[in-house]
Amino acid sequence: MAETSAAETDGYRIDREPFYLPAGDELKLFQAACDARLPVMLKGPTGCGKTRFVEYMAYRLARPLITVSCHEDLFASDLIGRYLLKGDETVWVDGPLTRAVRLGAICYLDEIVEARKDTTVVIHPLTDHRRYLHIERKGEMLRAHPDFLMVISYNPGYQSVLKDLKQSTRQRFVSLEFGYPDPEKETRIVANEGGVDLQVAARLVSLAGKIRRIRDQGLMEGASTRLLIYAAKLVHHQTPQREACRTAISLPLTDDRRLQETLNDLIDDYFAGDGTEIKTA
């Protein structure tokens, strides 16, 4: 296999250490899977830090990272590549998966259950002892670079008959389970990422905890850490706290007016006052 140059991988490297607080043994387990060349599946709710974890590990391992956000119109050719007309000639252009296989990058397929079932099958030979990619249109069997690592993520809360991973895919991965951070860590994350003081961050986290406990009233998902950071960023940019929470938490979570009223009542409980108080870090 031809050696890859720094110029080829530089565009895919994380050049600044992402802020990440470990919740358990995930760093050690991911490192062990990487050393053993085992594909990794990350399971957890929306906005709990799965993508940030992958970015952090790519930085820590000094590996290039190529991310694909999966969707229902994602075809195998979107991952592998295709022939394109350039000027008077037809040239082959690698897709993100092929590029990662060649460069020895981490290929991260985010929310893989959103992709077409016939598309996810193309990763199977890369996730067992064979470690090769079949590029059918070129008649090429591409052996994976020794540093190549396949990582996928999905949200078990959205499992259904139509949107779930097939066992033939699931059983090719070791799995790390993610949840929302404990309140102390989540407060530090929200304060750091959102630019607010710990007091405001703690109230946002407390609000989220209450919302996560009322999912049985019809909410599809609880308030994610990501939404709390969005609310904090609005506060940092001089948005009144209650308005920031309604804009970044209540409205994104549901379109149901009854549920919105319930969420807004909770926001009022945690952010009492005239709504103009601004506390930023």
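Could you figure out which of (1) more than 20 Å from the chain's Cα centre (by Cα); (2) not assigned by TED's automatic domain parsing to the domain that holds ILE123 isn't true of SER168?
Condition not satisfied by SER168: (2).
Quick check on this structure: which one of VAL91, VAL40, VAL54 is more than 18 Å from CYS107 (Cβ to Cβ) and of a type in the set (A, V, I, L, M)?
The conditions single out VAL91.
How many of the residues making up segment 211-238 are among the aliphatic types (A, V, I, L, M), farther than 25 Å from PHE53 by Cβ and assigned to a loop (DSSP other than H, G, I, E, B)?
Looking only at that region, the number is 1.
Restricting to segment 188-240, name every residue that is touching a Lys or Arg at 6+ places or on another chain (Cβ under 7 Å) and over 28 Å from TYR154 (Cα atoms).
Residues satisfying the conditions are GLY195, VAL196, ASP197, GLN199, VAL200.
Can you name every residue in segment 215-273 that is crowded, with 18+ Cβ neighbours inside 10 Å, at pLDDT below 95 and charged (D, E, K, R)?
GLU221
The values are calculated or read from the model by the stated rules, or taken from the named source; none is laboratory data. None of the values given here were measured: they were computed from a predicted structure. Methodologically, a virtual Cβ is constructed for each residue, glycine included, from the backbone with ideal geometry; neighbour enumeration extends over all protein chains shown.
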